[in-house]
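The values are calculated or read from the model by the stated rules, or taken from the named source; none is laboratory data. Here the structure is a predicted model, which means the values were calculated and not measured. Positions of Cβ are backbone-derived with ideal geometry, glycine not excepted, and every protein chain shown enters the neighbour counts.
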């Protein structure tokens, strides 16, 4: 009986140690993912820089639309109502 | 025989008893007298205290795009006393980390130190490559590194966080408090092989707060691009632009040219490029200041926009002769025409005959010149007002000479005109994460009636007969004012050196934007209406389209 109890305590301790090691590994993984996330956020921001987008668009043959070419519909005016 | 055996058994028993006695005494010694020190030693071998560095908050623009954030880096350090072959190791480390072996070798060979940095905040992939070489005496620790992913965009506004992630300039310095977190602490328990078997958290780490700005990176980048082209076109020394939302005081763009990559701040600092000219530098505003003279006279009921003045081409004020920019005969001009044609003689005449020194000074102060706007940026200048009024001062100040202002002061004053006479404190920070956006600080500087009159007069400036036809934007009504100011030096005004300015508000019927453009020392032309007004039109036209502001005038 005593031997079984002793074995149980040992097994429990081993299990706790294993879980602790797993938690440590998960913490490490979390840190790595956070680092990756920061690096990706930085890349996204860098890629979203309007100068880069504009340069890429120009390379593809696109040109900025003149401001005066934009049309607006006034939904508040009587003419726009059905 | 039996007696001999018995005596041997007794001796053996005695030896055993003595041995156990000694062991017991040793155990008692270890368990009592040495207990504390041994326990400490055991803990030191298995437990270690680890400080968890707090991450610095991210700075976002108004659209939620990160402009400054932390990235993981690896700091490489070494113990020279453990390094047996410093020359070889220096060569290997230098090749992988992109350093100079000749500089690294003497550091690693110096055995007088037990700790030296090989490289602070090296790229993690390079550090991993070096770690794989298993060089004795080389150690690696993760650290956060501040990066500015958009490079030059808003660099002088964002400023810089140094090697220890502390704000040293710009918004990084201004917001160092909320951006900086609180480091945590934990105890790590390791097995005899060094594997972590338990982590006991003691103090949780609190990362710094994220900060959201009023800046929009698209508007900012466009303003910088326009300034770059303007500086190149007019071979100017530098240029500044501010885009303000007049209703909230939020700064949508604060651009300077020449700029620099925020990631290379130390190099920019060495070249003196880091200054935020819009907030820290003062200059004589020239004719854009006439709005103060005329608004003051209108507000005090001394003139109306239709009040007429008979104005010669030049007038003498004490020892100075004031004249208009273009030669002309004596003319009769209304107050509105004085502003429209930017008549120096007209503005000085209104100040001398109507406002007087005390009245003018009252309105200069009412507009907030001579004191800081209180913008959330370090190192703001208050500008300079004349300390002493000589006989000729009343001939200078009404036309923006003899006073110095900052670009943000001017922009905020014109924003007040665009906002029905209500001045709103300009600001760059919208809110800190987890906190309410601070309440707007406002001050009425003009009555609604005077403001409407002023706005109508400023619309006349941006017309075919005004000084800023180049500021027109098809489909939109524009109100604004040009300025062309001589630059003062130690011995009076410097010949050939000017500051060209244009400040406009658009659409003038219900202004959504106030845009200021200042070009310092343009070479090929000097007038604000020629040099700065086209840059205003380019910046404003782009912003109106980007912000989807519908036109308020039919296309001509």
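Below is a table of values for the structure above.
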| read-out | value |
| --- | --- |
| Condition check for residue B:271: closer than 22 Å to residue B:497 by Cβ and either in contact (Cβ under 8 Å) with a residue 60 or more places away in the chain or outside the structural domain of residue B:391 (by TED's automatic domain parsing) (or both) | no |
| Residue in the stretch B:416-437 that is out of contact with any strand residue (DSSP E or B) (no Cβ under 7 Å at 6 or more places or on another chain), under 25 Å from residue B:486 (Cβ atoms) and at pLDDT below 95 present | no |
| Leading residue by the ranking (farthest from the chain's Cα centre (by Cα)) among those in the stretch B:193-211 that are within 14 Å of chain A (Cβ to nearest Cβ) and touching a residue at least 24 places away in the same chain (Cβ under 8 Å) | B:205 |
| Some residue of the stretch B:85-97 being in contact (Cβ under 8 Å) with a residue 60 or more places away in the chain, out of contact with any helix residue (DSSP H, G or I) (no Cβ under 6 Å at 6 or more places or on another chain), farther than 27 Å from residue B:189 by Cα and in the same structural domain as residue B:170 (by TED's automatic domain parsing) | no |
| Test: residue in the stretch B:177-187 that is more than 13 Å from chain A (Cβ to nearest Cβ), surrounded by fewer than 16 Cβ atoms within 10 Å (Cβ to Cβ) and part of a helix (DSSP H, G or I) | yes |
| When residues of the stretch B:128-153 are limited to those that are farther than 23 Å from residue B:169 by Cβ and within 12 Å of chain A (Cβ to nearest Cβ), the one surrounded by the most Cβ atoms within 10 Å (Cβ to Cβ) | B:142 |
| Some residue of the stretch A:43-62 being farther than 23 Å from residue B:540 by Cβ, in contact with a strand residue (DSSP E or B) (Cβ under 7 Å, 6 or more places away or on another chain), at pLDDT below 85 and in a helix (DSSP H, G or I) | yes |
| Selection count, the stretch B:217-242, where residues are at negative phi and away from chain A (no Cβ under 14 Å) | 12 |
| Spans of strands (runs of 3 or more DSSP E) in the stretch B:378-497 with at least 3 residues surrounded by 23 or more Cβ atoms within 10 Å (Cβ to Cβ) and in the same structural domain as residue B:518 (by TED's automatic domain parsing) | B:479-489 |
| Residue in the stretch B:513-520 that is at pLDDT 95 or above, within 14 Å of chain A (Cβ to nearest Cβ), farther than 26 Å from residue B:326 by Cβ and assigned to a loop (DSSP other than H, G, I, E, B) present | no |
| Spans of helices (runs of 4 or more DSSP H) in the stretch B:1-97 with at least 1 residues loosely packed, with under 10 Cβ neighbours inside 10 Å | B:2-28, B:35-46 |
| Exclusive hit being assigned by TED's automatic domain parsing to the domain that holds residue B:66, closer than 28 Å to residue B:267 by Cβ and modelled with pLDDT under 95, set B:184, B:162, B:194, B:137 | B:162 |
| Candidates B:156, B:246, filtered to the one that is in a loop (DSSP other than H, G, I, E, B), touching a strand residue (DSSP E or B) at 6+ places or on another chain (Cβ under 7 Å) and crowded, with 20+ Cβ neighbours inside 10 Å | B:246 |
| Test: residue in the stretch B:531-550 that is within 14 Å of chain A (Cβ to nearest Cβ), crowded, with 22+ Cβ neighbours inside 10 Å and assigned to a strand (DSSP E or B) | no |
| Residue in the stretch B:215-222 that is outside any helix (DSSP H, G or I) and over 12 Å from residue B:255 (Cβ atoms) present | no |
| Boolean, residue B:124 is within 23 Å of residue B:251 (Cβ to Cβ) and either in the same structural domain as residue B:251 (by TED's automatic domain parsing) or under 32 Å from the mean Cα position of the chain (by Cα) (or both) | no |
